[in-house]
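**Student:** Before I ask anything, here is the structure I am working with.
The values are calculated or read from the model by the stated rules, or taken from the named source; none is laboratory data. The structure displayed is predicted, hence computed values, not measured ones. Counting neighbours? That spans all protein chains shown, and the Cβs are built from the backbone with ideal geometry, glycine included.
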Amino acid sequence: PLRNEDLGLVPVRVDTWARLVFVNLDLDAEPLADWLEGVPDDIAWADLDEFRCDYSTVTPVNCNWKVVNEGFSETYHVQGLHREMLASIDDVNAPQRIWNRHSASYQAYGVPSPRLGRDVDDQAVWDSFVATEGGRMGPDYREPCEVPGVPAGQILRDVIAQKIRDHQATLGVDLSGYDTAQIMSLSQYNLFPNTTLLVSADLFTVMTARPGPSADEGELAIINLRRMPSADAPASSPVHVTVPLDKADFGFVLNQDLSVIRTMQNGLHQPGCTHIVLSGEECRIINMHRHLERYLGLEPGGWESGS
């Protein structure tokens, strides 16, 4: 006979941070607050409890999960893959921070990359921002338009920040308590081993790269959250969908990231590819692999002990 006690679910450890639920199969795992290290304190200014899930997607990808994950772990690829962004992001002065397992990168938007020199006019900065993330200012700014005037004592970055505040106000969200830097900078957190958080005053996105059925397959799971008027404001039920890669539209920049993953995976299979050399700019990737090796009991560099 079948007994209910023989068919129960596996017990798990569950905890929450902000609006995210963490499930751990190890009942003896360290508390979530300890595992997150300094990340919650570092992003406390953003009041993440005011965000609610708007929608989530799962997209099968034709590459290893680490190929996806590492694509969100350094900024110097901007100059090659995201050239449209260069006039509106400082990809050079983007400080990084590593705690133990987790890490972060901080990127300023609304200012030109130093790679473009000193003479980048406001129209170029404006055009770049509109092309890559103009929707943050509202639907009227998804297409090219003239750069607005800049009041005395301000720079274009301040003007863009105010337009984002104005758009959020139409949604019932008050961003007056957030300064230009908090609106126009992106805090990108890499949670070991496979999750990336993108946070600004008006946005919160969670991207998780998951293993697939083979080493050449994976999944990209995205949770998009939007800020509500308050932490206790009612919210509608989120939409959850599975989207094939050839049907997915994740926006201008992320679409570019995903356009190269298949060729990256092919490159890893080349006969002469035995090692990958990483630069200091890729310290977050190095840190992730260092901890993977520790968890898997490998020697530094990924070799098995004794090999």
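**Student:** Residues of segment 67-81 being at pLDDT 80 or above and surrounded by fewer than 19 Cβ atoms within 10 Å (Cβ to Cβ), which ones?
**Tutor:** Correct list: 77, 81.
**Student:** Looking at (1) surrounded by 15 or more Cβ atoms within 10 Å (Cβ to Cβ); (2) in contact with an Asp or Glu (Cβ under 9 Å, 6 or more places away or on another chain); (3) at pLDDT below 95, which one does residue 128 not meet, given that it meets all the others?
**Tutor:** (3)
**Student:** Restricting the first residue to segment 63-83 and requiring it to be over 13 Å from residue 265 (Cα atoms) and free of Cβ contacts under 8 Å to residues at least 24 places away in the same chain, which pairs with a second residue that is outside any loop (DSSP other than H, G, I, E, B) and basic (Lys, Arg) meet a Cβ separation below 9 Å and a spacing of at least six or different chains?
**Tutor:** Pairs found: none.
Residue by residue, here is whether (1) surrounded by fewer than 20 Cβ atoms within 10 Å (Cβ to Cβ); (2) touching a Gly at 6+ places or on another chain (Cβ under 9 Å); (3) within 15 Å of residue 203 (Cα to Cα) holds:
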{"position": "97", "(1), (2), (3)": "yes, yes, no"}
{"position": "106", "(1), (2), (3)": "yes, no, yes"}
{"position": "115", "(1), (2), (3)": "yes, no, no"}
{"position": "134", "(1), (2), (3)": "no, no, yes"}
{"position": "137", "(1), (2), (3)": "no, no, yes"}
{"position": "146", "(1), (2), (3)": "yes, no, no"}
{"position": "153", "(1), (2), (3)": "yes, no, no"}
{"position": "171", "(1), (2), (3)": "yes, no, yes"}
{"position": "179", "(1), (2), (3)": "yes, no, yes"}
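**Student:** Check every one of the helices (runs of 4 or more DSSP H) wholly within segment 189-303 and list those with 2 or more residues that are over 17 Å from residue 73 (Cα atoms).
**Tutor:** Values: elements: 252-258, 261-268, 283-296.
Those helices (runs of 4 or more DSSP H) span 261-268, 283-296.
**Student:** Ok, one more. Collect the residues in segment 222-247 that are buried (at least 17 other Cβ atoms within 10 Å of the Cβ) and either charged (D, E, K, R) or in contact with a Ser or Thr (Cβ under 6 Å, 6 or more places away or on another chain) (or both), keeping them in residue-number order. Please lay out each step first, then the result.
**Tutor:** As a first pass, look at segment 222-247 and keep what is buried (at least 17 other Cβ atoms within 10 Å of the Cβ): 222-228.
The answer is 222, 223, 224, 226, 227.
**Student:** While we're here: Select, from 232, 246, 257, the only residue that is closer than 29 Å to residue 56 by Cα and more than 24 Å from the chain's Cα centre (by Cα). Spell out how you get there, then give the answer.
**Tutor:** Numbers: 246 fails: more than 24 Å from the chain's Cα centre (by Cα); 257 fails: more than 24 Å from the chain's Cα centre (by Cα).
Criteria check complete, one pass: 232.
**Student:** Right, residue 301: over 14 Å from the mean Cα position of the chain (by Cα), surrounded by fewer than 14 Cβ atoms within 10 Å (Cβ to Cβ) and under 29 Å from residue 35 (Cβ atoms) or not? Before the answer, list the steps.
**Tutor:** Working: over 14 Å from the mean Cα position of the chain (by Cα): yes; surrounded by fewer than 14 Cβ atoms within 10 Å (Cβ to Cβ): yes; under 29 Å from residue 35 (Cβ atoms): yes.
In short, yes.
**Student:** Go through segment 55-66 and count every residue that is over 19 Å from residue 288 (Cβ atoms) and either under 16 Å from the mean Cα position of the chain (by Cα) or hydrophobic (A, V, I, L, M, F, W, C) (or both). Step through it out loud before you land on a result.
**Tutor:** Of segment 55-66, the ones over 19 Å from residue 288 (Cβ atoms) are 55-60, 62.
The next check asks that each one be either under 16 Å from the mean Cα position of the chain (by Cα) or hydrophobic (A, V, I, L, M, F, W, C) (or both); those that pass are 55-59.
Residues flagged as over 19 Å from residue 288 (Cβ atoms) and either under 16 Å from the mean Cα position of the chain (by Cα) or hydrophobic (A, V, I, L, M, F, W, C) (or both) within segment 55-66 amount to 5.
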